[in-house]
Each structure stands twice: as C-alpha cells, then as structure tokens.
Amino acid sequence: MVNQYRLKTLCFCVLQALAGYAFSAPVADANSDANTAVDAPAVVTVFGEGQTRQVQNITQEDLAKALPGTSPLKTLEKLPGVSFTSADPFGSYEWSTRFSVRGFNQNQMGFTLDGIPLGDMSYGNNNGLHISRAISSENIGRVTLSQGAGAVGTASTSNLGGTVQFFSSDPSNKMELTGAQTFGSDSTYRTFARYDTGLLDSGTKAYISVTRQRAEKWKGDGPQDQDMVNAKLVHNFGDNKLSVFFDYSNRDETDYQDMSLDMTRRLGWNWDNYAPDWQRAVNAAKGIFTGGVNSLDDAYYLGRGLRKDYLGGVSLDNKLTESTDLKTTYYHHSDKGQGHWYTPYTPSSATVPISIRTTEYSIGRDGVTSDLTWYAGQNTVNGGIWAERSLHTLTRNYYAITGPDNSDFFLSNPMATAFQQDFTTTTTQFYLQDTVSMLNNSLTANFGFKSPRVTIDATDIVGTRAAGTLTASKNFLPQLGLSYAVNKQDELFASVAENMRAFQPGVSGPFSQSQTAFNLSKGSIKPETSTTFDLGYRFNRGTLSGSLTVYHADFKDRLISVATCAGIVGCPSTFVNVGSVGTNGLEAAAVWKISPQVSWFNSFTYNDSKYKDNYSDSGVIVPVSGKQVVDSPKKMFTTELSYEQAGWFGRVESKFTDKRFYTYTNDGQVPSFVVTNLSGGYKQASLVGLHDVTIQLNVDNVLGKKYYSTIGSNGFPETDPNGTNQTILSGAPRQLFLTFSGKL
C-alpha cells in the first residue's frame with residue numbers, strides 16, 4: 001500500500017504539472033537546446049575526448065536512423081568490444097536479448113537512465129528493468145558506453161565489465177506535437193506521439209508521449225505488444241534545475257522456442273512452439289510425436305512474458321556556490337511480471353496433460369542518489385552516495401487449464417505453488433574522486449574510490465529453497481586514470497580500476513539452492529571481483545578520427561549456477577565458485593568523413609577471454625581451464641557507410657561476429673555470421689503545415705542470412721557433445737519497415 005501511495009502521488013504531481021503548464025503562453029524561442037548535451041548537434045560517434053577511460057557515445061542521430069522501437073542497446077553493437085544478439089529485429093525481446101562487452105555479459109555490467117540504476121537488465125531481474133521498458137527510444141538523447149570501467153560514481157553494484165549510461169532528452173523549447181507511424185513485416189504497427197509545451201513564462205517546459213506497438217512473431221504464433229507513457233518536466237530557476245519524470249510500460253511478448261543444434265537439423269530454422277495447434281501439444285504431452293519431433297521438449301504449446309512497470313522520480317540540481325554543485329535524485333520503481341510456460345510435465349487433470357507453469361515477480365524499489373561537486377582551481381572534487389531499498393518477491397506457480405485458454409493476462413488462484421521467496425535488498429555505496437588538470441590542461445589525472453555494501457535478507461515462504469542473509473561489501477575499490485593531450489590532434493589515456501559484483505537474489509542466485517547447500521556454501525563464497533587495465537590512443541585529424549585501445553582484465557571468484565534439469569522443470573540449482581578468467585584484447589574504431597555528404601565508420605575487436613581454472617561438479621572435474629569464455633566471440637568487425645545530402649539520407653551497415661561457444665568445455669559452438677542492415681529515406685523541412693517531415697525505410701538482415709542469434713537462453717551447459725541442449729535461438733530473417741514522421 002505504501003508503494004502504491006507513493007506511485008499515485010508521483011503520477012498526480014507529474015500530470016498536474018503538465019496540465020497546469022500546457023495552457024500557459026510559451027516564451028518566444030530565444031533560447032535553444034544547444035546548451036544541453038543530449039540536444040546538441042549530433043555526430044556519428046564521439047570517442048571520449050579528454051576522458052581518462054575508454055568511453056564512446058551514440059548520439060540522437062544514430063538513434064533516429066535506427067528502426068523506431070529498436071532497443072538502444074542494439075545501436076551500440078557497432079562499437080568495438082560490443083556483442084549484441086536478439087531473436088527479434090527490434091532487439092527488445094528480453095528472453096533473447098544478450099549484451100556483452102569484452103567477455104563480460106550484461107549481468108556483470110552496470111546500466112543507468114539519467115543516473116537512476118536499471119540493475120543488470122537480466123530477464124528475471126530483481127533489481128531494475130530493461131531499458132526497452134524504461135523509456136521509448138524516441139525520448140533518448142544519447143547513450144554512453146564505457147567498455148572497461150565505468151565512472152566511479154555510477155549507481156551499480158554489478159559493473160565488473162563496464163557501464164552503459166542512457167540519457168533522456170529534455171523537453172523542447174518549442175511548443176510542438178511530434179508523431180511517427182511505422183508499418184512493417186509480421187503485421188508490425190507502431191505509433192508514437194509526443195506533445196511538448198515549449199518554454200513557458202515560468203521557466204518551465206514539459207512533454208508527455210505515448211507509444212503503442214503491435215507485432216506478430218516472425219515465426220510461430222503470438223503477439224509482441226507494448227504500450228508506454230513517458231512524461232518529463234523541467235523547471236529552471238536561476239542556476240538551478242528541477243526535473244520530474246514518470247515512465248509507464250505494459251509489455252506482452254510471446255516466446256520463441258529455445259532451439260538446439262540437433263533440433264535445427266531435424267526440424268528446420270523456422271521451428272517453433274505448437275500454438276495454435278492445441279491437439280498436437282496434447283498428443284505430444286501423451287508421448288505421441290509427429291513431424292520429426294522426438295521429445296517433450298522439442299516444443300511446448302506456448303510461452304509468454306508479461307511485464308508492467310512504473311518508474312518515476314524527482315531530481316534537483318543546485319548551484320550552492322560559484323564553485324559547488326549538488327545534484328540529488330529520488331526515484332521509485334514498481335514492477336509486476338509473470339513468465340508463462342505451458343508445461344507437459346505437470347498435468348492440469350486426468351484429461352488435460354498440460355498446465356501453465358509461471359515464474360512470478362514483483363519489485364518495489366526506492367532509492368536516492370546525491371552527488372556534490374567542488375571546483376577548486378585545477379582540481380574538481382566530487383563525491384556522493386547511493387542508497388536503495390528493494391523488496392522483491394519470486395514465486396513459481398502452476399495453474400490448471402481446460403484447453404487452449406487465453407492466458408494473455410496476469411493469472412491468479414494457482415492449483416499449486418512450488419516455491420515462494422521474499423527478498424529485501426539494502427544497498428549503500430559511497431564514492432569520492434579528484435580530477436586534476438596539469439601542464440596547461442594537457443594532462444588530466446583522476447583518482448577515486450567507491451565503497452559498496454549490499455545485504456540480502458531472504459525469507460522462504462513456500463518450498464525448500466534457501467533462506468538467510470548474505471552481505472557483499474568492499475571498503476576500498478580504487479580507480480585511477482590519466483589522459484595526456486600530446487597536441488591538438490593526438491591524445492593518450494590509461495586507466496586501472498577494481499570492481500565488485502554483489503550477490504543476487506532471484507531464480508538462479510545463491511538462494512536458489514537447498515537450505516543445506518546454502519548453509520555449506522555461505523561461509524566460503526565471495527562476491528565476484530575484477531581488475532581492469534586500459535591503455536589507449538585517440539586522434540582527430542579533421543576528416544579522420546578514431547581510437548585504439550589495448551586492455552587486460554582479471555576476473556576472480558566467478559560464480560555460476562549449475563542447472564540440474566531441463567529449464568521448464570525448474571529444479572534447484574547448485575551455486576559454486578569456479579575460479580578466475582583472464583582477458584586480453586584490442587579495440588579499434590575510426591570515422592572517415594570522405595566528403596561533406598559521405599562518412600565511413602569501421603570498428604574491430606579482438607577479445608581473448610579464457611577460464612583459468614577447472615572446477616568440480618558433483619565430484620567430477622570439469623576441464624575448462626584454457627577454454628574460451630562462453631558467448632564471447634574472439635573477433636568482431638563492423639563497417640558502416642552513411643550518406644546525407646539535400647534531405648536524402650542512407651546508411652548500410654555490416655557486422656561480422658566470430659564463432660561463439662555455448663558450453664564451458666567449448667565442445668558446443670555456433671558458427672560465425674555476417675548480418676547487413678540498411679536504412680534510408682528523405683526529410684523535408686516543411687510540408688503542408690508540418691515540419692521535419694520524414695519517410696524512412698529500414699531493412700533488417702537485408703541479405704536474408706540464416707544464423708544463430710542468442711546462445712545461453714536456457715543457460716550454458718558444461719558439455720553438449722550431441723548438440724541437444726536447448727539454449728539457442730535463431731536470428732530473424734529479412735524484415736522491412738516503413739516509418740512516416742513529422743512535427744506540428
């Protein structure tokens with residue numbers, strides 16, 4: 001009830017402010033948005049000039065040229081070090097989304113939106129939400145990727161391998177109505193509308209946007225739907241700034257069937273679940289297989305994910321003195337989710353051999369971040385604190401059905417509950433750093449540290465999963481960086497940082513074990529840690545700019561959950577420390593402005609991530625020492641050619657991804673692949689009372705390449721000599737989308 005009250009109060013404040021200012025007279029457009037970073041004129045890629053770490057940006061222009069509704073994570077895939085895969089063309093189908101950098105997967109990275117923690121963005125996440133549910137892509141101003149170590153003040157306790165920071169655009173200084181309509185493959189229908197009040201006499205500006213997306217799967221049966229509302233209000237008074245925001249998302253996605261190499265050979269690339277063929281699913285549950293099917297797990301009737309999120313907060317930037325700034329943000333996040341699986345392993349009745357197995361989530365997070373910055377001559381000192389309390393409930397239920405019922409809603413009144421756990425996670429993190437400019441500002445040194453502490457209190461309500469308390473903390477995690485401008489064109493940088501990933505509640509964390517196993521391991525397991533070294537060179541020679549970086553990372557106390565049965569069965573897992581990982585690599589990227597109309601971007605990645613230690617599973621040694629880290633391609637290369645003149649624009653991009661292993665012993669792998677995407681269109685400054693009128697065509701996988709996108713969808717097995725483990729998803733075939741947009 002407390003969380004609901006806070007949420008309703010926040011919604012009312014935002015809507016009241018929007019309504020109150022929407023009918024006030026807007027100020028003449030004397031001020032532009034050029035003074036805000038997210039609204040500055042866009043360039044293709046910014047290589048982190050002056051930064052002491054490897055940092056690269058994706059701008060609003062890149063986001064605008066992408067397919068509307070595309071996950072901003074997908075727009076990062078062209079940058080060096082980044083591997084992104086998804087089974088859908090938008091990159092927003094969360095079960096399949098995989099994002100990794102330098103061999104660290106998304107569960108080992110940090111993500112924020114306007115400084116607010118999004119957690120690790122895992123599918124069954126307990127500490128945040130996916131960026132595709134947090135904000136519509138049209139409302140994102142820029143995205144910043146730090147491949148190695150994120151800024152020491154980042155609100156994350158999972159960033160072993162870097163950070164991704166998303167920044168929303170501010171409301172426009174002009175009063176305007178923006179609209180966009182997308183049509184495309186698989187009955188895609190996406191509508192986006194945004195109203196900006198413009199800058200008002202009070203110094204306030206605001207926007208509210210709505211997004212409605214409807215699409216079908218590219219194979220099989222079922223919708224991929226989402227509705228979103230975003231609202232933001234900015235009020236400037238003197239040198240101070242107050243921001244209020246509210247985001248709502250209601251997502252309904254139908255799962256693709258998890259494949260194996262053997263299933264692809266037997267059943268083909270387009271194989272999927274049985275829906276809408278209920279009788280075939282019933283027959284299979286009774287052991288009657290047809291059409292090449294030979295097991296219960298080759299297909300289920302249907303799988304589905306439902307997520308409903310509310311995210312809101314207030315941020316205040318205060319200029320306390322001429323040399324001191326204070327920024328404080330309060331946020332609240334509420335989430336409700338269910339994952340549906342029609343399981344043949346648990347019958348509903350004597351006549352219906354199938355029931356619906358659910359994994360049910362709820363999250364209630366409240367947090368505050370506060371950052372104080374002091375400018376003292378050549379020194380910039382800043383420090384801050386992040387505190388959050390999260391209440392998370394995880395439940396596994398079974399629901400009786402009488403037939404192919406419509407389960408496109410949150411189910412209630414289960415026939416059985418396998419387990420239910422409540423988690424209270426308390427997070428505090430303090431940081432302090434100093435940035436010093438020397439030698440006429442040609443040398444910049446940055447030194448800082450953070451002190452995270454995360455305590456999880458778990459209660460077992462139903463079942464035999466573990467209860468208890470775990471704390472992960474480090475009093476001193478240092479970070480050091482140097483940047484030296486050799487001249488106006490060349491810059492060198494180096495950094496070293498230590499990070500920790502806290503323990504996680506949830507489906508596969510340490511509390512997924514039995515109580516006995518948890519009690520035995522509690523005193524010995526340590527939180528995962530990493531030490532990252534970067535050495536790099538940036539250059540800017542007018543028409544040619546780029547960067548070259550070499551890096552090394554030591555990853556210690558790697559923790560994995562060893563599955564003991566098929567994913568749909570949901571047996572308790574075993575949580576073990578399996579040693580260390582060593583990573584060495586090279587990243588290179590460059591943009592050549594061939595002419596005022598044509599630019600050419602290229603990036604190359606070489607990443608050698610290897611396990612250092614064998615480990616024991618049930619008394620059997622698993623020989624992984626010297627093996628490549630799963631889902632970590634050794635080589636990647638992206639090339640992108642862009643053209644823009646007299647309103648016409650076009651972009652063609654191809655990316656090569658090396659082979660990837662999906663077993664720890666490297667006996668299971670998927671081959672390398674190249675995917676090419678195309679976008680182009682025409683933009684007219686004004687047309688029939690509208691301005692910025694654009695027609696845009698996006699073609700995803702333009703050459704129709706057949707490839708495996710996601711691996712590890714059901715986790716990574718130790719070995720798979722026969723290629724039968726169902727943990728792979730096929731990439732989407734050629735998809736076409738046409739978008740019309742404009743402003744009034």
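Observations on the model:
- Search result, residues across the range 632-660 that are over 30 Å from Ala685 (Cα atoms) and not in a strand (DSSP E or B): Ser632, Pro633, Lys634, Asp658, Lys659
- Taking the range 185-215 as the range and being at positive phi and either surrounded by 19 or more Cβ atoms within 10 Å (Cβ to Cβ) or in contact with a Phe, Trp or Tyr (Cβ under 8 Å, 6 or more places away or on another chain) (or both) as the test, the residues that pass are Asp186, Gly198, Gly203.
- Within the range 716-731, not a single residue is surrounded by 17 or more Cβ atoms within 10 Å (Cβ to Cβ), under 25 Å from the mean Cα position of the chain (by Cα) and over 19 Å from Asp262 (Cα atoms).
- Matching residues, the range 250-290, being within 36 Å of the chain's Cα centre (by Cα), in a helix (DSSP H, G or I) and among the polar types (S, T, N, Q): Thr264
- Of all residues assigned to the range 684-699, none qualifies as being under 20 Å from Gln257 (Cβ atoms) and of a type in the set (Val, Ile, Thr).
- Test: residue in the range 161-176 that is of a type in the set (Lys, Arg) and over 18 Å from Lys65 (Cβ atoms): yes
- Residues of the range 665-688 that are modelled with pLDDT under 95 and in a loop (DSSP other than H, G, I, E, B): Val688 alone.
- Residue ID - farthest from Tyr93 (Cα to Cα), chosen from residues in the range 699-723 that are in contact with a Leu (Cβ under 8 Å, 6 or more places away or on another chain) and among the hydroxyl-bearing types (Ser, Thr, Tyr): Tyr708
- Leading residue by the ranking (surrounded by the most Cβ atoms within 10 Å (Cβ to Cβ)) among those in the range 85-117 that are of a type in the set (D, E, K, R) and closer than 30 Å to Gly582 by Cβ: Arg102
- Sole exception among (1) modelled with pLDDT of 90 or more; (2) within 24 Å of Val229 (Cα to Cα) for Asn127, by number: (1)
- Matching strands (runs of 3 or more DSSP E) fully within the range 392-502 where at least 1 residues are without any contact (Cβ under 8 Å) to a residue 60 or more places away in the chain, within 27 Å of the chain's Cα centre (by Cα) and more than 20 Å from Asp534 (Cβ to Cβ): 416-438, 443-462, 468-473
- Of everything listed in (1) within 21 Å of Asn475 (Cα to Cα); (2) under 28 Å from the mean Cα position of the chain (by Cα); (3) among the charged types (D, E, K, R), the single unmet condition for Lys522 is (2).
- Number of the exception - Thr639 against (1) modelled with pLDDT of 95 or more; (2) in contact with a strand residue (DSSP E or B) (Cβ under 7 Å, 6 or more places away or on another chain); (3) crowded, with 17+ Cβ neighbours inside 10 Å; (4) not hydrophobic (A, V, I, L, M, F, W, C): (3)
- Spans of strands (runs of 3 or more DSSP E) in the range 69-139 with at least 2 residues under 28 Å from Lys232 (Cα atoms) and touching a residue at least 12 places away in the same chain (Cβ under 8 Å): 110-113
- The condition of being part of a loop (DSSP other than H, G, I, E, B) and either over 19 Å from Asp631 (Cβ atoms) or out of contact with any helix residue (DSSP H, G or I) (no Cβ under 6 Å at 6 or more places or on another chain) (or both) holds for Gly704.
- Qualifying residue in the range 651-661 (condition: more than 17 Å from Val82 (Cα to Cα), surrounded by fewer than 16 Cβ atoms within 10 Å (Cβ to Cβ) and either in contact (Cβ under 8 Å) with a residue 60 or more places away in the chain or not small (Gly, Ala, Ser) (or both)): no
Residues checked against (1) among the acidic types (Asp, Glu); (2) within 21 Å of Ser92 (Cα to Cα):
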{"site": "Asn230", "(1), (2)": "no, yes"}
{"site": "His235", "(1), (2)": "no, no"}
{"site": "Leu296", "(1), (2)": "no, no"}
{"site": "Asp309", "(1), (2)": "yes, yes"}
{"site": "Ser315", "(1), (2)": "no, no"}
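- Exactly one residue out of Thr144, Thr182 is among the polar types (S, T, N, Q) and at pLDDT 95 or above, and it is Thr182.
- Residues that are surrounded by fewer than 24 Cβ atoms within 10 Å (Cβ to Cβ) and among the basic types (Lys, Arg) within the range 488-503 comprise just one, Lys488.
- The single condition among (1) surrounded by fewer than 20 Cβ atoms within 10 Å (Cβ to Cβ); (2) touching a residue at least 60 places away in the same chain (Cβ under 8 Å) that Ser709 does not satisfy is (1).
- Exactly one residue out of Ala22, Ala17, Ala66, Ala28 is at pLDDT 50 or above, over 15 Å from the mean Cα position of the chain (by Cα) and small (Gly, Ala, Ser), and it is Ala66.
- The C-beta contact set for the range 526-537 (first residue in contact (Cβ under 8 Å) with a residue 60 or more places away in the chain, second residue in a strand (DSSP E or B) and aromatic (Phe, Trp, Tyr), distance under 6 angstrom, 6+ apart or interchain) comprises Ser530/Phe555; Asp534/Tyr551; Gly536/Phe493.
The values are calculated or read from the model by the stated rules, or taken from the named source; none is laboratory data. Just so you know, these numbers come straight off a predicted model, no measurement behind them. Neighbour counts run over all protein chains shown; Cβ positions are idealised from the backbone, glycine included.
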